[in-house]
Amino acid sequence: MHFAVCIKQVPDTAEVKIDPDTNTLVRAGIESMANPYDITALEEALRLKEKYGGKVSVLSMGPPQADIVLRQALSMGADQAVLLSDRAFAGADTLATSYTLSKAVETLSQVEPVDLVLCGKQAIDGDTAQTGPGIAARLGLAQFTYVIEVEWIDPEKRLLQVRRKVEGGFEVIRGPLPAMLSVELELATPRRASLPMLIDSLRAPIKIWDAGAIGASAARVGIKGSPTWVRAIASPQVHRAGPRWDAAQGVSAAVSEALDTLFSDQDFAAGFEKGWKA
Ligand SMILES: Cc1cc2nc3c(=O)[nH]c(=O)nc-3n(C[C@H](O)[C@H](O)[C@H](O)COP(=O)(O)OP(=O)(O)OC[C@H]3O[C@@H](n4cnc5c(N)ncnc54)[C@H](O)[C@@H]3O)c2cc1C
């Protein structure tokens, strides 16, 4: 079995800032890290390799310094790492990103066919959750999204069965290989790298592929291949905190005062009366 895991380098911050002039992320001065969902996907790929045998390849599209997330993957046990790096890839939206990653999976498959592509459910910066399904659609792979457990793989019959999260519960679905999984964090707890593996990963070779190496069309990558244009980005306004009532002097007095305040608002009182009658 050949597992290919897509790992995105993302800003290590919950407070992403946007440049108001260019509508792009402000990356200066912000540390980066591997997208946590992708490290979970890698952990699952490593466990599946341990169970069914095979090889784990990791892929990332990003600038040269994104090699650090690939070294982290190698330190955890990935067998080979490929960085998709080319100025032509910059400014890609999800359409161009999934095209570029799918061309890289095709290129890997020329040497050894990829059976399972694993992605995170979403990247914690872009958050669209479109890239994995985009790769699957382009490569004609069965897609299993929001996966919380890989129940089994039958490499002979070319089938797999997974448990996926749905609103209010889960679903068990079976489908054919090759396939794409996008994974939830609860799927697996990532392992810690051992010190020798960590040291080896610093010296390990990383393949760098540009558009030519993956046979990508120049018109379909990066900003040229991205029909999405960010017209404006705004942060939600921060409203001041609402009134507070101190329950220390008595809960019923505080609740009564709070209700008086609410009902002194005519719109609220009218809405409440209407809802009550209904
Ligand atoms: C007009 C426009 C311009 C943009 N310009 C830039 C830019 O200049 N620089 C920039 O960084 N972003 C840019 N973006 C954001 C970029 O499009 C998205 O971050 C990217 O397409 C992936 O989408 P996402 O982050 O929503 O990932 P999701 O779809 O949420 O990610 C799902 C999974 O796909 C995989 N994945 C996603 N991206 C990668 C990757 N690069 N490498 C490996 N695996 C990946 C991971 O497994 C991830 O968990 C731009 C977006 C738009 C719309």
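The values are calculated or read from the model by the stated rules, or taken from the named source; none is laboratory data. It should be emphasised that the depicted structure is a prediction, and the values quoted were computed from it without experimental measurement. Cβ atoms come from the backbone with ideal geometry, glycine included; neighbour counts cover every protein chain shown. Heads up: the accessible areas ignore ligands, DNA and RNA and are worked out on the full protein's heavy atoms, side chains in. Shrake-Rupley method; radii C 1.70, N 1.55, O 1.52, S 1.80 Å.
Give the residues of the stretch 22-49 that are modelled with pLDDT under 95, more than 14 Å from the ligand (Cβ to nearest atom) and either over 18 Å from Asp67 (Cβ atoms) or touching a helix residue (DSSP H, G or I) at 6+ places or on another chain (Cβ under 9 Å) (or both), sorted by residue number.
Of everything in the stretch 22-49, just one residue is modelled with pLDDT under 95, more than 14 Å from the ligand (Cβ to nearest atom) and either over 18 Å from Asp67 (Cβ atoms) or touching a helix residue (DSSP H, G or I) at 6+ places or on another chain (Cβ under 9 Å) (or both), namely Gly29.
Return the pairs, sorted by first residue and then second, in which the second residue is modelled with pLDDT under 80, the first residue lies in the stretch 212-239 and is of a type outside the set (Asp, Glu), the beta carbons are less than 6 Å apart, and the residues are 6+ apart or on different chains.
Val230/Asn23; Ile233/Ile18; Ile233/Asn23
Considering only residues of the stretch 108-132 that are of a type in the set (Gly, Ala, Ser) and in a loop (DSSP other than H, G, I, E, B), which is nearest to Lys17 (Cα to Cα)?
Gly126
Considering only the stretch 53-85, state which residues are within 12 Å of the ligand (Cβ to nearest atom) and in contact with an Asp or Glu (Cβ under 6 Å, 6 or more places away or on another chain).
Leu83, the sole residue that qualifies.
How about the stretch 1-85: which strands (runs of 3 or more DSSP E) wholly inside it have at least 3 residues that are more than 15 Å from the chain's Cα centre (by Cα)?
55-61, 80-84
If you take the residues of the stretch 86-107 that are in a helix (DSSP H, G or I) and over 20 Å from the mean Cα position of the chain (by Cα), which of them is nearest to Ala211 (Cα to Cα)?
Ala88
Here's the yes/no breakdown for (1) closer than 13 Å to Lys8 by Cα; (2) open to solvent by 20 Å² or more (accessible area, probe 1.4 Å):
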| site | (1), (2) |
| --- | --- |
| Glu44 | no, no |
| Lys51 | no, yes |
| Val69 | yes, no |
| Leu84 | yes, no |
| Gly91 | no, yes |
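Name the single residue that is farthest from the chain's Cα centre (by Cα) among those in the stretch 132-164 being over 19 Å from Ser109 (Cα atoms) and among the polar types (S, T, N, Q).
Out of the qualifying residues, it is Gln161.
Of the conditions (1) among the polar types (S, T, N, Q); (2) farther than 15 Å from Ala34 by Cβ; (3) open to solvent by less than 20 Å² (accessible area, probe 1.4 Å), Gln110 fails just one. Which one is it?
(3)
State all residues of the stretch 133-146 that are of a type in the set (Val, Ile, Thr) and in a helix (DSSP H, G or I); if no residue qualifies, say none.
Once the filter is applied, which keeps residues that are of a type in the set (Val, Ile, Thr) and in a helix (DSSP H, G or I), the stretch 133-146 yields only Ile135.
Is it fair to say Val166 is surrounded by fewer than 20 Cβ atoms within 10 Å (Cβ to Cβ) and touching a strand residue (DSSP E or B) at 6+ places or on another chain (Cβ under 8 Å)?
yes
When only residues in the stretch 184-209 that are under 30 Å from Lys17 (Cβ atoms) and part of a loop (DSSP other than H, G, I, E, B) count, which is nearest to the ligand (Cβ to nearest atom)?
Glu184
Taking the stated definitions as given, is Val150 surrounded by fewer than 23 Cβ atoms within 10 Å (Cβ to Cβ) and touching a residue at least 40 places away in the same chain (Cβ under 8 Å)?
When the stated conditions are applied, Val150 passes them.
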